[in-house]
Protein chains: 2
Amino acid sequence: MSTLSASRLEITKSTSARKCPPVNELVFGKTFTNHMLTVPWNIESGWGTPKIEAYHPLSLDPSAVVFHYAPCLFEGLKAYRDPKGEIRLFRPDKNMERMNASAHRLALPQFDGDELIKLIKKLLEIDQEWVPSEPGYSLYIRPTLIGTQASLGISQSTEALLFVILSPVGPYYSSVVKPVALEANPDRVRAWPGGSGSSKLGANYAPCILPQMESASKGYQQNLWLYGEEHWLTEVGAMNLFIVLRNDDGLEVVTPPLNGMILPGVTRDSLLSLLRDHVAGKNSLPLPKNIKVSEREIKMGEIVDAANAGRLVEAFGSGTAAVVSPVDRIGYKGSDIKVPVTESGFGEVAEALLNKLKSIQWGHEEHPWSVPISS
Amino acid sequence: MSTLSASRLEITKSTSARKCPPVNELVFGKTFTNHMLTVPWNIESGWGTPKIEAYHPLSLDPSAVVFHYAPCLFEGLKAYRDPKGEIRLFRPDKNMERMNASAHRLALPQFDGDELIKLIKKLLEIDQEWVPSEPGYSLYIRPTLIGTQASLGISQSTEALLFVILSPVGPYYSSVVKPVALEANPDRVRAWPGGSGSSKLGANYAPCILPQMESASKGYQQNLWLYGEEHWLTEVGAMNLFIVLRNDDGLEVVTPPLNGMILPGVTRDSLLSLLRDHVAGKNSLPLPKNIKVSEREIKMGEIVDAANAGRLVEAFGSGTAAVVSPVDRIGYKGSDIKVPVTESGFGEVAEALLNKLKSIQWGHEEHPWSVPISS
């Protein structure tokens with residue numbers, strides 16, 4: 001059984017290389033670079049030859065399991081161009097770890113994450129001109145793993161394809177931050193105990209599109225996903241969720257714990273670390289020192305009570321695309337809970353975290369999380 | 001906006017037509033006929049031209065949403081060759097109804113089911129030599145609908161592809177029926193209130209493969225899917241579930257109700273109808289008349305109690321592939337509940353229903369459910 005090995009990489013450069021379009025014309029996830037990486041897998045021989053070739057369509061038998069039973073999973077991370085022009089990744093080891101956990105959950109093959117990082121670095125090196133240097137722009141990296149066996153039997157796929165495509169993307173916020181309104185509808189449930197909500201599976205996304213459209217038709221941009229009769233908060237849209245409360249002894253930043261229903265977001269983990277380091281005096285954010293950082297269950301009743309008492313300070317989503325996405329309104333049980341935002345569109349905590357994380361991601365300050373592709 | 005219309009069908013016959021292999025060489029879902037049907041859809045122009053062409057790979061952009069977010073759904077039905085040699089479908093209108101419900105659930109396009117039935121009949125006519133005449137053999141029909149837009153945005157797919165492929169299949173049971181052992185593990189949950197378990201989505205299948213493999217490693221062929229703290233029974237493997245109990249006043253056949261977590265199986269519905277007609281004297285099964293037919297919640301505690309009291313008579317799954325699949329053992333909380341089976345491997349109720357339904361499906365008796373493709 002062969003393992004995934006970057007040393008076996010074969011490169012065939014595109015003969016019709018395109019240029020990256022002007023960055024102001026970019027729409028998220030619709031423009032792709034000149035090359036892509038593919039690595040096939042087979043249950044008998046293991047991982048095959050990694051290939052970097054011209055970006056090309058995938059040709060699959062119509063009975064391929066991915067079209068029928070959804071064995072598919074993905075990751076999302078970005079390459080950033082630092083002030084010296086060097087290209088950097090942000091905590092790619094976390095993405096590899098989660099991708100392997102997702103692969104296990106779908107009985108798809110696991111692999112050595114360090115080897116895939118090497119291959120991604122090589123792909124980035126080849127398409128390096130597509131990493132924008134304009135502020136706030138980056139190159140979105142999409143590793144994907146699909147079951148490809150041509151069979152209608154419902155069982156472990158005996159064949160799979162790992163591929164990586166790259167898409168230059170703009171800043172989530174152009175000049176003005178637009179806070180989003182959420183609908184908290186307990187009748188639509190994203191994940192549940194014993195399910196697969198903590199893995200980054202395609203299966204967790206398609207069923208969330210209709211609820212999002214239904215919320216949008218009522219003037220809410222995203223869903224606030226609740227769980228159970230107590231209406232526990234879990235996630236927001238396709239992001240993790242943070243709530244800031246003002247308690248008697250200072251601010252509390254709350255995010256739901258990794259209880260099996262929550263995606264272990266890399267941004268979520270990074271924001272928690274930044275906050276904890278701030279409280280411990282290991283780094284400095286423009287925030288008060290006495291912040292309580294809580295990974296704990298929080299239910300809608302507590303949000304309602306806090307809002308009524310003037311103690312609901314902020315709410316925001318966290319994810320790779322936007323880093324943080326502030327919330328100014330939550331529709332729940334027929335009325336709206338207002339969430340304060342400052343003139344900039346953020347709350348104080350969200351803005352401080354966004355600025356700090358951007359500074360690390362774009363290499364304006366050195367940090368072990370930020371990995372130059374030349375390293 | 002164009003609707004799906006069989007009148008627009010374009011046919012291009014394969015130039016390298018293969019013959020159906022000897023039926024005893026068939027493995028479920030691995031052999032496909034010479035032709036396939038495709039119909040593209042676009043959010044601006046609606047349904048495109050239906051085409052019957054040689055069976056061929058699908059070529060899709062690697063950013064196609066189906067590979068990332070799992071907008072995919074399917075149906076399964078069969079074509080049967082009757083004693084006169086004519087080809088028949090079984091309740092195809094039910095599959096069309098459910099396929100449209102699944103499409104709605106994924107924000108994929110809906111269509112006129114009668115038109116798709118016409119197209120499937122045409123495809124069957126062209127590949128009619130692939131409908132086996134050997135007893136118990138049939139031609140499995142797999143209509144599939146996938147989102148195909150090339151975009152990494154998580155939203156309604158602006159493009160889709162409906163396709164139908166055909167696979168000749170053998171009888172689920174060769175000569176000997178092998179009852180299956182189930183593991184009832186409350187830690188693995190297939191569906192939940194507010195989720196998508198009542199639609200036939202790819203997303204409901206891939207996450208069930210690992211639990212099935214885990215059960216298989218312990219000697220159980222399939223999962224008995226439970227829900228909630230009371231351990232309510234929902235489905236078995238990829239089939240609906242029937243339990244037969246002996247109450248003081250006669251037999252009770254129980255299947256969980258369509259509560260949003262249960263797939264509305266065509267076989268399930270057909271078995272319920274056959275039983276109810278039997279009780280009402282409208283048809284005759286070789287079973288006692290005083291059977292209570294119940295669509296109701298049933299929990300593991302009731303199964304355990306019934307087994308201990310000698311009142312657990314049968315358990316079986318129902319689905320298109322096997323019609324009925326008898327169960328002889330349920331692993332639960334560390335021990336096994338034995339379920340009686342007769343020498344033939346079935347219970348009395350399962351066997352009577354299987355024989356009746358097969359008789360209708362293969363046209364040994366006339367029934368409005370069985371639809372000749374020439375009609």
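Read the figures in this text as sums done on the coordinates, not as results from a lab. The structure displayed is predicted, hence computed values, not measured ones. Here Cβ is always computed from backbone atoms with ideal geometry, including for glycine, and neighbour counts include all displayed protein chains.
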Query raised in the report: When you look at the Cβ of every residue in B:54-66, what mean number of other chain Cβ atoms sits within 10 Å?
Result: 6
Query raised in the report: What nm value, rounded to one decimal, do you get for the distance between residue B:112 and residue B:93 when each label is placed 7 Å out toward the C-beta?
Result: 1.6
Report summary line: Rg/Rh over Cα atoms for chain B, Kirkwood Rh, comes to 0.97
**Report entry** Entries in B:78/B:118; B:13/B:51; A:118/A:358; A:218/A:338 that, when Cα-Cα distance is taken, lie over 19 Å
**Finding:** A:118/A:358
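What is the Rg over Rh value, at two decimals, for segment A:6-171, using alpha-carbon atoms and the Kirkwood definition of Rh?
Rg divided by Rh gives 0.98.
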Query raised in the report: Rounded to the nearest 0.05, what FRET efficiency do residue A:133 and residue A:27 have when you use their Cβ-Cβ distance and R0 = 22 Å?
Result: 0.65
Query raised in the report: Could you give the radius of gyration (one decimal) and Dmax (whole number) of the Cα atoms in segment B:169-305, in Å?
Result: 16.0, 45
Requested in this report: Measure out, as a whole number of angstrom, how far apart the alpha-carbon centroids of segment B:226-245 and segment A:187-266 sit.
Outcome: 28
Query raised in the report: Nm distances between the label at residue B:309 and the same-position labels in the remaining copies, 7 Å along Cα→Cβ, shortest first?
Result: 5.1
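Suppose R0 equals 45 Å. What FRET efficiency, 1/(1 + (r/R0)^6) with r the Cβ-Cβ distance, do residue A:230 and residue B:344 give to the nearest 0.05?
With a Förster radius of 45 Å, E is 0.35.
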Query raised in the report: Looking only at segment A:106-125, which residues have a backbone nitrogen under 20 Å from a spot 7 Å from the Cα of residue A:86 in the C-beta direction?
Result: A:117-125
Query - residue B:42 paired with residue A:269, simple spin-label distance in nm, labels 7 Å along Cα-to-beta-carbon - result: 4.3
Report summary line: Label points for residue A:86 built 7 Å along Cα→Cβ; distances to same position in the other copies, nm, shortest first, come to 7.8
Query raised in the report: For chain B, what is the mean residue ellipticity at 222 nm derived from helices alone (per DSSP H run of n ≥ 4: -39500 (n - 2.57); sum divided by total residues; nearest 500 deg cm²/dmol)?
Result: -6500 deg cm²/dmol
Report task. Only Lys, Arg, Asp and Glu count, each charged at its Cβ (+1, +1, -1, -1), so figure out the dipole size of segment A:87-240 about its Cα centre, rounded to 20 debye. Result -> 100
Report task. Can you tell me the 0 to 90 degree angle between the C-alpha axis of helix B:113-126 and the longest principal axis of chain B, rounded to 10? Result -> 80
Requested in this report: Give the long-range amide H neighbours of residue A:315: residues separated by 5 or more places, or on another chain, with amide H under 5 Å away, using H modelled in the peptide plane at 1.01 Å from N.
Outcome: A:244, A:327
**Report entry** Helix A:92-105 axis, angle to chain A major axis (alpha carbon atoms, nearest 10°)
**Finding:** 80
Query raised in the report: ³J(HN,Hα) across segment A:254-264 via Karplus (A = 6.51, B = -1.76, C = 1.60, θ = phi - 60°), whole Hz, x for Gly/Pro?
Result: 10, 9, x, x, 6, 9, x, 9, 10, 5, x
Query raised in the report: Peptide B:150-162: average number of partner chain Cβ atoms within 10 Å per residue?
Result: 4
Report summary line: With Cα coordinates, the longest principal axis of chain B makes an angle with the long axis of helix B:348-361, in degrees rounded to 10, of 20
Query raised in the report: Considering the zone a paramagnetic label at residue A:297 would reach in this model (a point 7 Å from Cα along the Cα-to-Cβ line), which residues of segment A:248-272 have amide N under 14 Å from it?
Result: A:256-262
**Report entry** Extension reserve of the residue B:305-residue B:366 stretch, reckoned as 0.36 nm per residue once the Cα distance is removed
**Finding:** 17.8 nm
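Would you please give the FRET efficiency between residue A:10 and residue A:276, computed as 1/(1 + (r/R0)^6) with r the Cβ-Cβ distance and R0 = 51 Å, to the nearest 0.05?
Efficiency at R0 = 51 Å is approximately 0.70.
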